[in-house]
Amino acid sequence: MPIPLHSKISKELRDRMISGQYQPGDQLPSEHQLMSEFEVSRITARRAIANLMQQGLVIVQQGKGAFVADHQKVTHRLSSPLLLEADMAEQDVTVTIQSLVFELVTVPPEVEEILSVKIAYFQKKVLLFNGVPGCVDVTYIAPELGKAYEKDLKKQLSLTALENHGIFTEKLDAVIECTQADDETGELLEVPLGHPLIVYQHTAYTEGNCAIVHGKSISRGDRLCYSVQIKRASQCTV
């Protein structure tokens, strides 16, 4: 089976990175330049760049173009979902939190059903990995906790901040799915409209199965991935 043209272009660009022709931070040829050099359509040129983005080799800045990535893709272990900072530290990655919104709001029906409240604190923040935007975190927090710990919640990850005050998560329900970047999220994560993103949706419960936090983390697949270790259950004999 013949190799698709976009894959051939991706390989050629990747080889140039490996050889040192393109250094970290260098701008790659534009779509028009790729179209001219390889005599392909715009769609093919765009797919070639998208291939490299999915591999974490390039980043795309809206209105500027594609650049060779100068950062690593980081991994968050789902076996320790409350220890993102620890996971990042092991990979020599510094997590910086940029709080965008923190306000008391009337929650949508689906959140009301989960948190059993009509109002909650809504928080939106960007997580930067070594100064590079990697994740947008959107969270609803039980009103009494948001009010009491607002200062720390703005500076730390929600569950970490609460645990530092003795509010421990006993159970976490999570779902991982995909979405496409809208205008706002695309601007925050520096990706074009419609770019595929990973969504990690979660609900945290304290003792007594009381839901205290519900939210989602929307991340770039070329900057953050999730890992999990699964062990075969022990066979019981009667």
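The values are calculated or read from the model by the stated rules, or taken from the named source; none is laboratory data. Here the structure is a predicted model, which means the values were calculated and not measured. Backbone-built Cβ (ideal geometry, glycine too); neighbour counts: all protein chains shown.
Considering only residues that are of a type in the set (Gly, Ala, Ser) and at pLDDT 95 or above, which ones fall in segment 205-216? Answer for segment 205-216, where residues must be of a type in the set (Gly, Ala, Ser) and at pLDDT 95 or above: ALA211, GLY215.
Residues in segment 125-142 that are of a type outside the set (Val, Ile, Thr) and either part of a strand (DSSP E or B) or in contact with a Phe, Trp or Tyr (Cβ under 6 Å, 6 or more places away or on another chain) (or both): LYS125, LEU127, LEU128, PHE129, PRO133, GLY134, CYS135, ASP137, TYR140. Quick one: is MET88 more than 30 Å from PHE122 (Cα to Cα), at pLDDT below 85 and not β-branched (Val, Ile, Thr)? Judged against the criteria, MET88 is not a match.
Residues in segment 110-165 that are under 18 Å from VAL93 (Cα atoms), at pLDDT 95 or above and among the hydroxyl-bearing types (Ser, Thr, Tyr): none.
Kindly evaluate CYS236 against the criterion of being at pLDDT 80 or above and on the phi < 0 side of the Ramachandran plot. No. Considering segment 108-124, the residues that are touching a residue at least 40 places away in the same chain (Cβ under 8 Å) and out of contact with any Phe, Trp or Tyr (no Cβ under 7 Å at 6 or more places or on another chain) include one that is surrounded by the most Cβ atoms within 10 Å (Cβ to Cβ), namely ILE114.
Could you please let me know if ASP222 is crowded, with 18+ Cβ neighbours inside 10 Å and in a loop (DSSP other than H, G, I, E, B)? Answer is yes for this residue. Can you pull out the residues in segment 100-131 that are among the β-branched types (Val, Ile, Thr) and within 16 Å of LEU84 (Cα to Cα)? Residue satisfying the conditions is VAL126 alone. Scanning segment 133-171 for residues that are surrounded by fewer than 19 Cβ atoms within 10 Å (Cβ to Cβ), among the β-branched types (Val, Ile, Thr) and over 17 Å from TYR205 (Cβ atoms) yields one hit, VAL138.
Of all the criteria given as (1) under 27 Å from GLY166 (Cα atoms); (2) assigned to a loop (DSSP other than H, G, I, E, B); (3) modelled with pLDDT of 85 or more, the one not satisfied by LEU82 is (3).
ILE230 falls short of the stated requirement of being closer than 20 Å to PHE122 by Cα and over 22 Å from the mean Cα position of the chain (by Cα). VAL60 falls short on exactly one of the conditions (1) part of a helix (DSSP H, G or I); (2) within 21 Å of ALA181 (Cβ to Cβ); (3) of a type outside the set (Ser, Thr, Tyr); (4) in contact with a helix residue (DSSP H, G or I) (Cβ under 7 Å, 6 or more places away or on another chain), and that condition is (1). Those helices (runs of 4 or more DSSP H) of segment 145-198 in which at least 3 residues are in the same structural domain as ILE97 (by TED's automatic domain parsing) and of a type outside the set (D, E, K, R), considering only elements entirely within it, cover 158-163, 183-189.
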